[in-house]
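Pasting a structure here, questions to come.
What follows draws every value from the coordinates through simple rules; no lab data is involved. In this text, all values refer to a predicted model and were calculated from it rather than measured experimentally. Cβ atoms come from the backbone with ideal geometry, glycine included; neighbour counts cover every protein chain shown.
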Amino acid sequence: MNGLLQRIFDLNKLVKKIPVSGPLPDVPALLRRALRIAWPSLTESVLIGLVGMVDTMMVSTLGTYAIAAVGLTTQPKFIGLAFFLSLNIAVSALVARRRGEQDAESAKQVLIQSLAITLLMTAVISTLCVVFASPILHLAGSAPDTHDDAVIYFRIIMGGMVFNTVSMVINAAQRGCGNTKIALRTNLTSNVVNIIFNYLLIGGNFGFPRLGVAGAAIATVLGTVAACGMSILSILHTHGFLRLSTPIRLRFDRRTLGALTNIGSSTLAEQIFLRIDFFISAIIVARLGTEPFATHQICMNILSLAFCFGDGLSVAAVALVGQSMGEKRVDLAQIYGSICQRIGFIISILLGVCFFVFGRNIVGLFSKEANILNDGAIILDMMAFIVLLQISQVIFNGCLRGAGDTRFVAVVSLVSVTFVRPIFSWLFCYPIGWGLFGAWIGLALDQFARFALSRYRFASGKWTHIVI
C-alpha cells in the first residue's frame with residue numbers, strides 16, 4: 001500500500017520547480033494532515049449538495065413548474081450572496097496565514113471586522129432583493145406559470161439571509177484555522193432541519209400548513225437559523241485558536257482592512273463575473289421553455305453535487321496552502337495543493353463512471369417524464385467528461401486563493417464570462433439549433449478554459465511570491 005501511495009504522491013513530482021526549504025514529512029504523514037482537514041469540508045460540501053438535490057426532489061412533487069420556479073431563483077440568490085462569498089474567501093485565506101504565523105489576535109480582528117461588514121451589507125442587499133424581487137425574476141426569465149412562486153421563494157430566502165451570511169463568515173474563519181469539523185457540524189444540523197421542515201411545510205404533514213414552494217423557502221431559512229446559532233457558539237467558547245471574549249471591541253485597522261480589500265476585491269470581481277455568467281446562461285436556457293429549463297435545473301443540481309467534491313477539497317487547499325505560506329514553507333504549500341488535486345482527480349474519475357453508467361437512473365430520482373429522462377440522460381453522459389475538468393480547476397483555484405493569488409482567478413473568470421460560456425452557449429443553443437444540449441457544450445468549453453488557465457498558473461509557481 002505504501003508503495004502505491006509513493007507512486008501516486010511522489011514528492012519529487014509534487015514539489016516540481018519549488019526549492020525544498022526544510023525537512024519534508026513522509027507521504028503517509030502528509031496525506032494524514034491533508035485528509036484530516038479535507039474530510040470534514042469535503043463531507044460538509046457534499047452534504048450541502050445532497051440536500052440541494054433532496055430539496056429539488058421534494059419540490060418536484062408539486063410539479064415541473066415548481067422545479068423551474070425554484071431554479072429561477074438560484075442565480076439571483078448567488079448574485080445577492082456574491083459580496084459575502086468573496087469576503088469569506090478573503091477571511092479564510094487571511095486567517096489561515098495568521099494561523100501559520102501563530103498570530104491569534106490578528107486572526108480575531110479579521111473575524112470581528114468581517115462580521116461587522118457582513119451585518120451592514122446584509123441589511124442593504126437583503127432589503128434590495130426583497131423590494132425588487134419581481135423585476136429581478138422577470139429579468140431571470142420567469143414565465144407566467146413560474147413567476148409568482150419564484151417571487152415568493154426569493155423574498156423569503158433573501159429576507160432571512162442574515163442568519164446565512166453570519167454563519168458563513170464564522171465558518172470561513174474556522175476553516176482557515178483548519179477547524180473544518182465545526183463547519184461540518186453546523187451545516188449538517190442546518191441540512192437536517194431543512195429536510196424536516198421541507199417534509200412538514202411543502203406538503204402539509206403532521207398538521208402543518210401546506211405551503212408548497214413557500215414552505216421550501218421557510219424550511220431553508222429555519223435551517224440557517226440553527227446553523228447561525230451553532231456558529232456563534234463555536235467562537236464564544238474558552239478554548240481554541242479562534243475565540244471571541246466579551247466584551248467584543250470593534251476597531252478597524254489598516255492592516256486587516258487593507259488585506260481584506262486586496263483579496264476581497266479580486267474575489268468579488270470573480271464572484272460577480274461568475275454569477276453574471278451563470279445568470280446569462282440560465283436566461284438562455286429559460287427561454288427554451290419550462291420543461292427544458294426544468295431538465296437543465298435537475299442536471300445542474302447533479303453537477304452541483306459533483307462540484308461539492310471539488311469545493312470541499314478547495315476549502316482544504318485554502319487552509320493548507322495558507323498555513324504553509326504563513327510558516328514560510330512554500331514547498332509544503334505546493335505539495336499540499338498537488339495532493340488535494342490528485343485526490344480530486346481520483347474522485348472525478350469515479351463520479352464520471354457513475355454518471356455515464358447510471359445517468360438515466362439518477363435523473364429518474366427527480367422526474368419520470370419521458371422527455372426529461374431522455375434529455376437528462378444525454379446530458380449526464382456529457383457530464384462524465386465535464387466533471388473531470390470541473391473538480392480539477394476548482395481545486396487549483398483554491399490553492400491560488402489560499403496563497404492570495406485571487407486577482408489571477410478573477411481574470412480567468414472574466415475571460416470565461418465575457419468570451420467562453422455565454423457566447424458558445426448561445427451559439428450552440430440557438431443559431432446552430434442544438435437547444436439545451438448546446439448550452440451544455442458551452443458549459444463544457446467554459447470548464448476546459450478554466451482548467452487550462454488555472455493549471456498553468458499553479459504549475460508556474462508565481463503564486464508563491466504573494467504577500468498578504
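Fewest first, what order do 349, 335 take by the number of other Cβ atoms within 10 Å?
349, 335
What spacing in nm lies between the two simple spin-label points modelled at residue 225 and residue 465, each 7 Å away from Cα in the Cβ direction?
Going by the 7 Å Cα→Cβ label model, 5.3 nm.
Output the DSSP H helices from the chain with an along-axis C-alpha extent of no less than 24 Å and a mean Kyte-Doolittle hydropathy no less than -0.5.
27-60, 74-100, 104-131, 161-177, 180-202, 213-234, 254-286, 290-326, 330-363, 370-402, 435-460
Could you put 421, 32, 457 in order, starting from the residue whose Cβ has the fewest other Cβ atoms within 10 Å?
32, 457, 421
With a Förster radius of 41 Å, plug the Cβ-Cβ distance of residue 143 and residue 261 into 1/(1 + (r/R0)^6) and report the FRET value to the nearest 0.05.
It comes out at approximately 0.50.
Going by the alpha-carbon gyration tensor, a ≥ b ≥ c the square roots of its eigenvalues, is the stretch 36-146 rounded (a/c under 1.5) or, if a/c is not under 1.5, prolate (a/b greater than b/c) versus oblate?
Oblate, since a/c reaches 1.5 and b/c is not below a/b.
While we're on this one: For the chain, what does the helix formula give at 222 nm: sum of -39500 (n - 2.57) over DSSP H segments with n ≥ 4, over the residue count, nearest 500 deg cm²/dmol?
-27500 deg cm²/dmol
Take the cross-link list 77/181; 13/462; 181/462; 181/328; 77/108 and give me the ones stretching past 23 Å between alpha-carbons.
77/181; 181/462; 181/328; 77/108
Please compute the alpha carbon radius of gyration of the chain, then divide it by the globular-protein estimate 2.2 N^0.38 Å. Two decimals is fine.
Cα-based Rg divided by the globular estimate yields 0.95.
When a/c reaches 1.5 or more, the comparison of a/b and b/c decides; with that in mind, is the stretch 209-355 rounded, prolate or oblate per its Cα gyration tensor?
In terms of gyration-tensor shape, oblate.
Please compute the contact order of the chain in relative form: average sequence separation of alpha-carbon pairs under 8 Å and at least six residues apart, divided by the residue count, as a percent.
22
State, to one decimal in nm, how far the label point of residue 20 lies from the label point of residue 208, with both points 7 Å from Cα in the Cβ direction.
Computed distance between label sites residue 20 and residue 208 equals 5.7 nm.
Okay, next question. Could you tell me which of rounded, prolate or oblate describes the stretch 154-223, using a ≥ b ≥ c as the square roots of the eigenvalues of the alpha-carbon gyration tensor, with rounded for a/c under 1.5 and, failing that, prolate when a/b is larger than b/c and oblate otherwise?
oblate
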